[in-house]
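Structure record follows, encoded as structure tokens.
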Amino acid sequence: MGIRGRLPVRPEVEALRERIIATRRDFHEHPELSWQEERTQRVILERLKELGLSDVRRIAKTGVTGLVEGGKKGRCVLWRADMDALPVPERSTLPYASKSPDVMHACGHDTHMAIALGIAEVLASRKDRWSGSVRFVFQPAEEAAGGAQACIADGVLDAPNVDVALGLHISADLPVGAINVAPGPFFAAPTVFHIDIEGRGGHAAAPHQAVDAVVVAAHVITALQTVVSRSVAPSETAVLTIGKVAGGFRGNVIAESARLSGTIRTYSDAVREHVIRRTEEIVAGVCAAFGASFTFDHQTSCPPLVNDPGVAEFVRERAEAYFGPGNILAAATMGAEDMSVFLEARPGCYFWLGARNEAKGIAGRHHDAAFVIDEEALLPGVEFGLRLIEGQLSKR
């Protein structure tokens, strides 16, 4: 699957090769965290104005939108790219490695923006040849909460009314020349939770006088492993992960409190509510057994990402024609993506674009300090994006 030499791209895309790569490297070198994408916003605003897009403006505090209008009236396609980086220190020795301490584009959003700008440039250069319009949305704060909702609140789905929403996510798991797309639930809804356990502190030499919050937390962690395995139907999908444990002062002091932080991932509201309910019931039971008390709070930042079946089939058909039938994967992920908010409001499709190349030693992981992609994925991303947009604009 994947790499088999360079994929064909139209001359207008090939002519932009150096510019697209340079754009991606510039964004990579200057990453900014959620709601802090000010330099990134300035660069995109300047580029869209330079390309002659209409309705170029700031949205969602640090986001940007612009509209490419064709020669005649027609459908409107929204293309979305996220902008923010992660609080991760880059370990790479690349000449364009992050210059921002402890911040890097460890999830490929720099690539998403470069591809979107490449698509916009090609469309703007030949807009008299097609009908309709394309709304570009450069969205802040995908890694945090609220970026997509803020963009919609600023009117990106209206004037003109968006008919279909499209976007891609670069993949460090798929090889260059492959994509992953499927209808229905494709990304999960993320629920962040915190469990605060209150015991009674004491001297490590007198455990009978205390209620050890660390011991209670350990039993809670073990018991919660049964939520998915024993409380969720095998036909359903869910993940419950505790990623952080904090408690205690020092080795000879029994901890009076402990905090567990984690995430729940589900594709449906019913399963999510069931997992949340069972989590609270189990924590309550364990704490009661040990004489401890607890608080449990949780928040779901976005809905599951659900690809419209018709649009997903359209993307798959175009992908088979461009990448080849053997290079199409259809596998949902338990990751989360607030592109889901756009797809809740309009029919559309979001897909993974391969950027892994083990022959070059490019095999990093998302959200990792060693994350890296093969830039050979950039031009096929632009070409395929153009093919999807043109195909959607040609529909009645």
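Things to note:
- Count of the range 295-305 residues which are touching a Phe, Trp or Tyr at 6+ places or on another chain (Cβ under 7 Å) and under 22 Å from Ala182 (Cβ atoms): 2
- The residues in the range 92-122 that are crowded, with 23+ Cβ neighbours inside 10 Å and within 30 Å of Pro303 (Cα to Cα) can be counted, and the count is 17.
- A count restricted to the range 378-396 and to residues that are more than 19 Å from Asn161 (Cβ to Cβ) and out of contact with any helix residue (DSSP H, G or I) (no Cβ under 7 Å at 6 or more places or on another chain) stands at 2.
- Any pair with Cβ under 7 angstrom, 6 or more apart, that starts in the range 359-375 at a residue that is farther than 21 Å from Ile20 by Cα and touching a residue at least 60 places away in the same chain (Cβ under 8 Å) and ends at one that is of a type in the set (Ser, Thr, Tyr) and part of a loop (DSSP other than H, G, I, E, B): Ala370/Ser92
- Selection of the range 370-396 for residues being buried (at least 16 other Cβ atoms within 10 Å of the Cβ) and not in a helix (DSSP H, G or I) yields Phe371, Val372, Ile373, Asp374.
- Here Val134, Val122, Val156 are screened, and the one residue that is among the β-branched types (Val, Ile, Thr), at pLDDT 95 or above and in a loop (DSSP other than H, G, I, E, B) is Val156.
Conditions (1) closer than 28 Å to Ala106 by Cβ; (2) in the same structural domain as Asp82 (by TED's automatic domain parsing); (3) surrounded by 24 or more Cβ atoms within 10 Å (Cβ to Cβ), marked per residue:
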residue	(1), (2), (3)
Ala124	no, yes, no
Asp128	no, yes, no
Val137	yes, yes, yes
Gly147	yes, yes, yes
Ile152	yes, yes, no
Gly155	no, yes, no
Asp158	no, yes, no
Asp173	yes, yes, no
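The values are calculated or read from the model by the stated rules, or taken from the named source; none is laboratory data. Remember, it's a predicted structure, so these values are computed and weren't measured experimentally. As a convention, Cβ positions derive from the backbone with ideal geometry for all residues, glycine included, and neighbour counts pool all protein chains shown.
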